[in-house]
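Trainee: Pasting a structure below so you can have a look.
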Amino acid sequence: MIRGVRGATTVSENKEKEIIDATETLVQEMIEQNDLEATNVASVFISVTDDIDATFPAKALRRFPSWTYVPVMCMKEINVDGGLPRCIRIMMHINTEKKQHEINHVYLKNTQILRPDLSKK
């Protein structure tokens, strides 16, 4: 069964190092909270808000040696008035036997407002 694991974080500045570091932290947290192995990841979509364009956040996945063959794609998030600025969102598609309610979605920094119902307390 393929399930989606959501994650989000923000950066304070549109700087390459901060974007990659924040994305790496988010991916690491998604891996740990869901006991993920790269061989069970079908693909990863990463979206960013319009105010992030200093680098591709997908570069962060290159820091995980076992993730070399995981397909990753970056894209722009829909620009909605009042949306959370400088936000990086991840949708990771995983092969798992877990039920949807057993998936741990990860919302770092101030992104809990995106899905307070799914954010860990």
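The values are calculated or read from the model by the stated rules, or taken from the named source; none is laboratory data. All of these numbers come straight from a predicted model, not from anything done at the bench. We place every Cβ from the backbone using ideal geometry, glycine too, and count neighbours over all the protein chains shown.
Trainee: Within the group T23, T49, which residue is within 12 Å of the chain's Cα centre (by Cα), farther than 18 Å from M1 by Cα and not aliphatic (A, V, I, L, M)?
Mentor: Unique residue meeting the criteria: T23.
Trainee: Continuing with this model, one more query. Return the total of residues in region 1-35 being touching a residue at least 60 places away in the same chain (Cβ under 8 Å) and either among the acidic types (D, E) or assigned to a helix (DSSP H, G or I) (or both).
Mentor: 11
Trainee: Condition first: at pLDDT 90 or above and assigned to a helix (DSSP H, G or I). Now tell me which residues in region 94-121 satisfy that.
Mentor: Q100, H101, E102, T111
Trainee: Tell me, which residue of region 72-109 that is in contact (Cβ under 8 Å) with a residue 60 or more places away in the chain and among the charged types (D, E, K, R) is farthest from L36 (Cα to Cα)?
Mentor: Restricting to residues being in contact (Cβ under 8 Å) with a residue 60 or more places away in the chain and among the charged types (D, E, K, R), the top hit is R86.
Trainee: Which of the residues belonging to region 56-86 are modelled with pLDDT of 95 or more and on the phi > 0 side of the Ramachandran plot?
Mentor: Within region 56-86, R86 is the sole residue that qualifies.
Trainee: Right, here's the next one. In region 59-83, how many residues are out of contact with any helix residue (DSSP H, G or I) (no Cβ under 6 Å at 6 or more places or on another chain) and either loosely packed, with under 10 Cβ neighbours inside 10 Å or of a type outside the set (K, R) (or both)?
Mentor: Qualifying residue count, region 59-83: 14.
Trainee: I'd like the residue in region 36-59 that is part of a helix (DSSP H, G or I) and free of Cβ contacts under 8 Å to residues at least 40 places away in the same chain and, out of all such residues, is nearest to A8 (Cα to Cα).
Mentor: P57
Trainee: Looking at (1) within 21 Å of I2 (Cα to Cα); (2) without any contact (Cβ under 8 Å) to a residue 12 or more places away in the chain; (3) surrounded by 13 or more Cβ atoms within 10 Å (Cβ to Cβ), which one does Q112 not meet, given that it meets all the others?
Mentor: Condition not satisfied by Q112: (1).
Trainee: Follow-up. Could you tell me whether region 67-77 includes any residue that is among the β-branched types (V, I, T), in a helix (DSSP H, G or I) and in contact with a strand residue (DSSP E or B) (Cβ under 6 Å, 6 or more places away or on another chain)?
Mentor: No: region 67-77 contains no residue that is among the β-branched types (V, I, T), in a helix (DSSP H, G or I) and in contact with a strand residue (DSSP E or B) (Cβ under 6 Å, 6 or more places away or on another chain).
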